[in-house]
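S.K.: So that we are looking at the same thing, I have put the structure below in structure tokens.
The values are calculated or read from the model by the stated rules, or taken from the named source; none is laboratory data. Note that this is a predicted model, so its numbers are computed, not measured. Every residue, glycine as well, gets a Cβ built from its backbone with ideal geometry; the counts of neighbours run over all protein chains shown. All accessible areas refer to the heavy atoms of the entire protein, side chains included, with ligands and DNA or RNA removed. Shrake-Rupley method; radii C 1.70, N 1.55, O 1.52, S 1.80 Å.
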Amino acid sequence: MFSVLSYGRLVARAVLGGLSQTDPRAGGGGSGSGSGDYGLVTAGCGFGKDFRKGLLKKGACYGDDACFVARHRSADVLGVADGVGGWRDYGVDPSQFSGTLMRTCERLVKEGRFVPSNPIGILTTSYCELLQNKVPLLGSSTACIVVLDRTSHRLHTANLGDSGFLVVRGGEVVHRSDEQQHYFNTPFQLSIAPPEAEGVVLSDSPDAADSTSFDVQLGDIILTATDGLFDNMPDYMILQELKKLKNSNYESIQQTARSIAEQAHELAYDPNYMSPFAQFACDNGLNVRGGKPDDITVLLSIVAEYTD
């Protein structure tokens, strides 16, 4: 079974794909810039890599992936993280690191301990808390944080590794994150290693995250996901699925997020499909074909007028 995460209580008027949904309770607005506060209507779906073995985990955690969606009076914040599976070879559950990182980010946002324009600060504070945790925690994870500042209508992002986001407007990708790799299939990552392994395990600083800030408009679609999506679905396939999103109600967003995650999951197990991951591998001199079985987490958001 798939899992669905929905969040947000908004009165929205958004324009999507040339079609509009008007809520009579909402004032003004429409596509383009508005004078009121903005918010995100968000739904999510995911699959653990071991889905076919019936090992889906409970909560906002799909396999070794984790995610969160949090609300504060100043901003809507969401994030995804992908625990590095190699730790399992050393008896460490990779989902513990990614899950704890995302839960800590969520708590910081709800407590108001963040600045909307500084998503790297959220990562840094969360990571420092993990380092100081009284209960030993080992592992590594990529991370992507997206913050919508309600008043300024600006989106602030921080991406470390190969998770990431797309912003779609008018059926085209207008913003996207940059993937960070040390070398093929080895993304930047936050890590906590045992003392004897320090200096050997890859460990990047939160400050190494790629950070961007830009204006958004009502009706913009924001897709935030782990590499399990982007390694299996190229942009044109994602855009085709997003065309099915006809309005900004929860059910439509949930259905589209589910459709995207399901298609990525099916392609991941197709041995004859030339996936983006396989193409990247070929570009690096490897003879690879097929999808990439992996955990998949998708958060799908629409920018809408906000009413608390």
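S.K.: Determine how large the accessible area of Thr142 is when every protein chain is in place; take a 1.4 Å probe and give Å² rounded to the nearest 10.
M.R.: Per-residue accessible area (Thr142): approximately 0 Å².
S.K.: Per 0.36 nm of contour for each residue apart, how much would the distance between Leu202 and Arg88 grow if the chain were fully extended, relative to their Cα-Cα spacing? The partial results should precede the final answer.
M.R.: Working: separation 114, 0.36 × 114 = 41.04 nm, distance 1.56 nm.
Stretched out fully, the Leu202 to Arg88 stretch lengthens by 39.5 nm.
S.K.: With n ≥ 4 as the cut-off for DSSP H runs, can you work out [θ] at 222 nm for the chain, using -39500 (n - 2.57) per run divided by the number of residues, rounded to the nearest 500? Kindly include the intermediate steps, with their values, before the conclusion.
M.R.: Details: 6 runs with 69 residues, N = 308.
Roughly -7000 deg cm²/dmol at 222 nm, from the helical runs in the chain.
S.K.: How do Tyr269, Tyr127 stack up against each other in accessible area, from largest to smallest, with a 1.4 angstrom probe? Write down the numbers at each step before the final one.
M.R.: Working: Tyr269 75, Tyr127 25 Å².
So the residues, ranked largest to smallest area, are Tyr269, Tyr127.
S.K.: Multiply the residue gap between Glu111 and Asn249 by 0.36 nm, knock off their C-alpha separation, and tell me the result in nm, one decimal place.
M.R.: Details: separation 138, 0.36 × 138 = 49.68 nm, distance 2.76 nm.
Result for the pair: 46.9 nm of gain on full extension.
S.K.: Please express the Cα-Cα pair-distance distribution P(r) of region 172-241 as a list of whole percents, one per 10 Å bin, running from 0 to the bin with the greatest distance.
M.R.: 14, 38, 30, 13, 5, 0
S.K.: With the contact rule set at Cα under 8 Å and sequence spacing of 6 or more, what percent relative contact order holds for the chain? Let's see the in-between values first.
M.R.: Details: 756 pairs, mean separation 79.8, N = 308.
Here the relative contact order equals 26 percent.
S.K.: Ranked from the most accessible area to the least, with a 1.4 Å probe and all protein chains present, what is the order of Arg73, Arg154, Arg176? Walk me through the numbers on the way to the answer.
M.R.: Numbers: Arg73 200, Arg154 75, Arg176 110 Å².
Result of the area sort, largest leading: Arg73, Arg176, Arg154.
S.K.: For region 199-216 and region 130-167, write down the distance between their C-alpha centroids in whole Å.
M.R.: Using only Cα atoms, the two centres lie 9 Å from each other.
S.K.: Let me ask something else about it. On the first, second and third principal axes, largest extent first, how far apart are the outermost C-alpha atoms of region 193-279 in Å?
M.R.: 53, 40, 23
S.K.: How far apart, in nm, are two points set 7 Å out from the Cα along the Cα-to-Cβ line at Phe214 and at Gln240?
M.R.: Going from the Phe214 label point to the Gln240 one covers 2.5 nm.
S.K.: So what is log10(I(q)/I(0)) for region 131-186 at q = 0.15, 0.17 1/Å, when the Debye sum runs over its Cα atoms only?
M.R.: -0.64, -0.75
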